[in-house]
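Student: Here it is, the structure, as structure tokens.
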Amino acid sequence: MTIATRGLAHVGIRVHDWERSLRFYALLGFTKTAGPLGPEPVVILDHPSGLEINLVCNSPTDTEPNVLMDVPQKHAGITHVAILCDDLAAAGLLLEAAGYPIRGEQTFGPGARGMFVRDPDGVVIELHQRT
């Protein structure tokens, strides 16, 4: 027996300053649709593709390392979110011009390439292009 699921509802990303984060995610096509809402404030971002990101606004600092990526010990957990992208070259130019350096590019066998960037809080985002 399996549980009937229908897809991804949203991705929650803890942030320090939601307005600063919104400027980054707006470059990727997201728009703010609600928030901050609730006792642990959440700002809801939507994308035309149907993907939703919830910015959980309760990180006390933006200077701590990302323990899943930036420490030698390999902790269990989600290391990155991959967002489909039609044109990696154009995306890389836009992100770099906005002050977000590309942290690496990779080919994933035949038919897929990706590049990595960090949001203002150090969360790793992969832009993934299927060729």
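The values are calculated or read from the model by the stated rules, or taken from the named source; none is laboratory data. Predicted model, so just to flag it, every value in this text is computed and none were measured. No Cβ is skipped: glycine too gets one built from the backbone with ideal geometry, and neighbour counts run over all protein chains shown.
Student: Looking at (1) touching a residue at least 40 places away in the same chain (Cβ under 8 Å); (2) on the phi > 0 side of the Ramachandran plot, which one does Ile53 not meet, given that it meets all the others?
Tutor: (2)
Student: Which of the residues that make up region 37-47 are surrounded by fewer than 18 Cβ atoms within 10 Å (Cβ to Cβ) and either modelled with pLDDT of 95 or more or of a type in the set (A, V, I, L, M, F, W, C) (or both)? Let's see the steps before the verdict.
Tutor: Initially, region 37-47 is screened for residues surrounded by fewer than 18 Cβ atoms within 10 Å (Cβ to Cβ), giving 37-41, 44, 46-47.
Across region 37-47, the qualifying residues are Leu37, Ile44, Asp46, His47.
Student: If I filter region 105-115 for residues that are under 15 Å from the mean Cα position of the chain (by Cα) and either in contact (Cβ under 8 Å) with a residue 40 or more places away in the chain or over 17 Å from Leu28 (Cα atoms) (or both), do I get at least one hit?
Tutor: No, because not a single residue in region 105-115 is under 15 Å from the mean Cα position of the chain (by Cα) and either in contact (Cβ under 8 Å) with a residue 40 or more places away in the chain or over 17 Å from Leu28 (Cα atoms) (or both).
Student: Name the single residue that is farthest from the chain's Cα centre (by Cα) among those in region 116-131 being surrounded by fewer than 20 Cβ atoms within 10 Å (Cβ to Cβ) and among the hydrophobic types (A, V, I, L, M, F, W, C).
Tutor: Phe116
Student: Sticking with this one: So which residues in region 69-98 are in contact with a strand residue (DSSP E or B) (Cβ under 8 Å, 6 or more places away or on another chain) and hydrophobic (A, V, I, L, M, F, W, C), if there are any at all? Steps first, please.
Tutor: Taking region 69-98 first, the residues in contact with a strand residue (DSSP E or B) (Cβ under 8 Å, 6 or more places away or on another chain) are 69, 79-88, 91-92, 95-96.
Result: Met69, Val81, Ala82, Ile83, Leu84, Cys85, Leu88, Ala91, Leu95.
Student: Of all residues in region 7-31 being small (Gly, Ala, Ser) and surrounded by fewer than 14 Cβ atoms within 10 Å (Cβ to Cβ), which is nearest to Ala89 (Cα to Cα)? Talk me through it step by step, then tell me what you get.
Tutor: Taking region 7-31 as the starting set, the residues that turn out to be small (Gly, Ala, Ser) are 7, 9, 12, 21, 26, 29.
Subset that is surrounded by fewer than 14 Cβ atoms within 10 Å (Cβ to Cβ): 7, 9, 12, 26.
On the way: Gly7: 29, Ala9: 29, Gly12: 27, Ala26: 18 Å.
Among those that are small (Gly, Ala, Ser) and surrounded by fewer than 14 Cβ atoms within 10 Å (Cβ to Cβ), it is Ala26.
Student: Related question: List the number of the failed condition for Glu96; all other conditions in (1) surrounded by fewer than 12 Cβ atoms within 10 Å (Cβ to Cβ); (2) closer than 17 Å to Ser21 by Cα hold.
Tutor: (1)
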